[in-house]
1. In the chain, with Lys and Arg counted as +1 and Asp and Glu as -1 at Cβ, which of these residues, 136, 341, 51, has the Cα nearest the positive end of the dipole, that is, farthest along it?
2. Which entries in 306/364; 21/391; 284/390 show an alpha-carbon gap greater than 29 Å?
3. Which number do you get for Rg(Cα) / (2.2 N^0.38 Å) in the range 186-296?
4. With each pseudo-label sitting 7 Å past Cα toward Cβ, what's the residue 367-residue 334 distance in nm, one decimal?
5. Are there cysteines in the chain with no second cysteine's Cβ under 4.7 Å away, and if so, which?
6. Pairs to check: 302/372; 354/378; 154/186; 49/285; 290/360; 290/321. Give those whose C-alpha atoms are more than 18 Å from each other in this structure.
7. Based on Cβ point charges of +1 for Lys and Arg and -1 for Asp and Glu, what charge dipole magnitude is obtained for the chain about its Cα centre, in debye rounded to the nearest 20?
8. At 20 °C and a viscosity of 1.002 mPa s, what translational diffusion coefficient does Stokes-Einstein give for the range 351-393, taking Rh as the Kirkwood radius over Cα pairs? Give it in µm²/s as a whole number.
Amino acid sequence: MRKFIFIFILFIGFNFLFPQKFKDLAKTPPMGWNSWNKFGCNINENLIKEIADAMVKNGMKDAGYEYIVIDDCWQIARDKQGNIIADPKRFPSGIKALADYVHSKGLKFGLYSDAGTYTCQKRPGSRGYEYQDARTYASWGVDYLKYDWCSHGKQNSEASYKLMRDALYAAGRPIVFSICEWGTTKPWLWARDIGNLWRTTEDIQDCWDCINDWGGIGWTLILDKQSGLEQYAGPGHWNDPDMLEVGNGGMSDKEYRAHFSMWCMLSAPLMAGNDIRNMSESIKKILTNKEVISLDQDPLGKQAYKYGDFGDYEIWVKFLKDDELAIAFLNRGNRPINIIVNWKNILKKTGLRKNVYKLKDLWKHKIIGNTKSIFKTKITSHDILLLRLKKIP
């Protein structure tokens, strides 16, 4: 009987005590940097230290970015006890020392693994080692785990990710859990109580609307797949349309501005993927625009929905705290468009018609009118007008 009571107490402790440590994770979408989009497997500890230094110096930390995440290729093998081993040539000081360095900058540290037997770059995955890896990551001081879906065979995705979630709970260190399953089994339907964010599509590419034969697609095509998923997002659990490509060279500044704007409208995790040590002033201004970031980090946690679709011209609406709105007017076409906005119609359909708002252009940082008047303007091709409707007392 005593043995039964002891086991019962352990069960209660595991299922209720440990989740309490995780309950406040990712109340707003995580912000940080990930190594993959720019560097792929060309990573080492000096690079990561320099990225952490740059995040502090260039204003990104002050703008809200906090996670430094090493993607695939940091791991090389397992020892005789099954412990995961970091590449000693690339990370001679070890992962814990690197995490300590990142923490010393007031930032948080993230790593990558895979639910299958191998990662996407054929490094050791976590299948069969979930609890052992989780304990290792916790002992190293990991704060964020990106968990991929290569080499998964016939594994069940929900069960596989739940297994690692339970392992993270058991390890006891609060770690943001990023499910990178590519949307193949509709994780928005099952992942809310398993991970803090889940990928909704295949990999993003540094382009407007390209399609690669292996599956990667441009950001506007990813955007199309987010419409209808807004009901599943909220504090602690976010749809993830993949990392940012801003600053990687494949698009113009205005295209990057549109990309960043829409990720903020979507309440998407903002994981920069460029070389933040060496970026133009214009790219830095995009990534550190606090007024735009405030839409992403709004505590209400409402993902934008597509209000109007007129072919190359789309309108997206995002509800904000205090009965405010963000509205994005996106020109996806190759020609400029003239738009006319009747605010009465929009406010009526959003249920906010009793309020009067100032219109603030979040890229020009200025008030450009109010909702009492018909609004007219021109939007150049592959560009966006991003407004915050601020209540007039």
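1. Among 136, 341, 51, the one farthest towards the positive end of the dipole of the chain is 341.
2. Pairs exceeding the cut-off: 21/391.
3. Cα-based Rg divided by the globular estimate yields 1.06.
4. In this crude spin-label approximation the distance works out to 4.1 nm.
5. Within the chain, the cysteines lacking a partner Cβ under 4.7 Å are 180, 264.
6. 302/372; 354/378; 49/285
7. Working: 56 positive and 45 negative charges, 288 e Å.
The calculation lands at about 1380 debye.
8. 188
Read-outs throughout are calculated quantities, based only on the coordinates presented, and are distinct from any laboratory measurement. It should be emphasised that the depicted structure is a prediction, and the values quoted were computed from it without experimental measurement. Cβ sites come from the backbone with ideal geometry, for glycine too, and all protein chains shown count toward neighbours.
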